[in-house]
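J.: Structure in structure tokens, see below.
Quick note: the coordinates plus some simple rules give every number you see, no bench work behind them. What you see is a predicted model; the values in this text were computed from it and never measured. As a convention, Cβ positions derive from the backbone with ideal geometry for all residues, glycine included, and neighbour counts pool all protein chains shown.
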Amino acid sequence: MPATATKTAPSLRGVNLVKTYGDGATRRTTLHNVSIDLHPGELVLLMGPSGSGKSTLLAVLSGLLEPDSGQVLAEDDGRLREVWHLTPKEREEYRRRHTGFVFQGYNLFPALTARQQLEIVLKWGGSLGSGEARHRADEMLDKLGLEKNKHKKPAQLSGGEKQRVAIARALVKNPNFVFADEPTSALDWENGQKVIELLRDAAHERRASILVVSHDHRLLPFVDVYYHLEDGHLERRSLDHKH
Ligand SMILES: Nc1ncnc2c1ncn2[C@@H]1O[C@H](COP(=O)(O)OP(=O)(O)OP(=O)(O)O)[C@@H](O)[C@H]1O
Ligand SMILES: [Mg+2]
């Protein structure tokens, strides 16, 4: 059931976000007053041409990149908090507890096996013991069809396998917010579909808010909300005209 049928208060709000890179002659505004609301239980797709600011917006919303102005309000223990007013330590704690991020370039640790990439996330901050962390890591790797790759390090994995490990790592904590930057770019359609279905389940069944950046129009039937970003301007598009 699309989450929009049971509209609730937003769990994450980006309000009038502005982000500029460079200075002097190279100064360029990448986000022009972008506002976006994410709701619990919604899978949101963000599309737009290369260089339009998609990764920048994900980084700002997830607490990785500070905007020049504007606010990011995220639900934490039942109230909305301004992510960029937290201390760096509080922001780190918020990100650890509540957010999962799939980076465009995967960002896996070269020295760790697939299983260890997930275990480290679960054990970080002392939240889970070793046995439970291993069990949860294996369960998530299985869901992504990686059961044969558990003991491999990134250099021994294909591009698509690395991408699936990165997705497993972002989802294994059951975070409230998931930011996925082109999570299916290296996958064939069978695996791409598996991934978007997993993301949809995380949204619909666990009430997570999930923001996915993609260039793949085949994802449109799976999502609840669709935004287009162009030259730093964000526009919500109807899912009726899917292109
Ligand atoms: N650290 C940086 N310093 C300077 N300019 C940057 C930096 N990061 C991004 N940019 C510029 O900001 C613009 C938006 O970049 P961004 O990575 O957000 O685009 P994108 O929509 O994710 O593109 P793609 O689809 O190619 O991943 C681009 O013109 C890029 O060159
Ligand atoms: Mg990008």
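J.: Multiplying the sequence separation of Asp23 and Lys89 by 0.36 nm and subtracting their Cα-Cα distance, what value in nm do you get?
T.: Result: 20.9 nm gained on full extension.
J.: Given just the C-alpha atoms of region 40-101, how large is their convex hull per residue in cubic angstrom?
T.: Working: hull volume 6.3 nm³, N = 62.
Here the figure is 102 Å³ per residue.
J.: Normalised by the residues of the chain, what does the relative contact order come to in percent, with Cα pairs under 8 Å and at least six apart?
T.: Relative contact order for the chain comes out at 28 percent.
J.: Subtract the Cα-Cα distance of Arg206 and Ala155 from 0.36 nm times their separation in residues, and report this length gain in nm to one decimal. Kindly include the intermediate steps, with their values, before the conclusion.
T.: Numbers: separation 51, 0.36 × 51 = 18.36 nm, distance 3.29 nm.
So the chain would gain 15.1 nm between Arg206 and Ala155.
J.: With each label point set 7 Å from Cα along the Cα-Cβ vector, what nm distance links Arg81 and Ser185?
T.: Reported label-point gap for Arg81 and Ser185 is 3.1 nm.
J.: Roughly speaking, what % of Cα-Cα pairs in region 120-226 are separated by over 17 Å, rounded to a whole number?
T.: That fraction is 54 percent.
J.: If one computes the Cα centroid of region 89-106 and of region 17-81, what distance in Å separates the two points?
T.: Comparing the Cα centres of region 89-106 and region 17-81, I get a distance of 14 Å.
J.: Give me the net charge of Gly14's neighbourhood, meaning all other residues with Cβ under 15 Å from the Cβ of Gly14; Lys, Arg count +1, Asp, Glu -1.
T.: My count for the surroundings of Gly14 gives -2.
J.: Continuing with the same structure: Quick one: of Lys153/Lys194; Lys19/Lys54; Lys143/Lys173; Lys143/Lys194; Lys54/Lys143, which pairs are farther than 18 Å apart, Cα to Cα? Please report the intermediate quantities before stating the final value.
T.: Working: Lys153/Lys194 22 Å; Lys19/Lys54 12 Å; Lys143/Lys173 14 Å; Lys143/Lys194 9 Å; Lys54/Lys143 28 Å.
Correct reply: Lys153/Lys194; Lys54/Lys143.
J.: From the C-alpha coordinates alone, can you work out the Kirkwood hydrodynamic radius of region 168-221, in Å?
T.: Value: 11.3 Å, from the Cα pair sum.
J.: Tell me, what does the Kirkwood hydrodynamic radius of the chain come to in angstroms if you use every pair of distinct C-alpha atoms?
T.: For the chain, inverting the mean 1/r across all distinct Cα pairs yields 18.4 Å.
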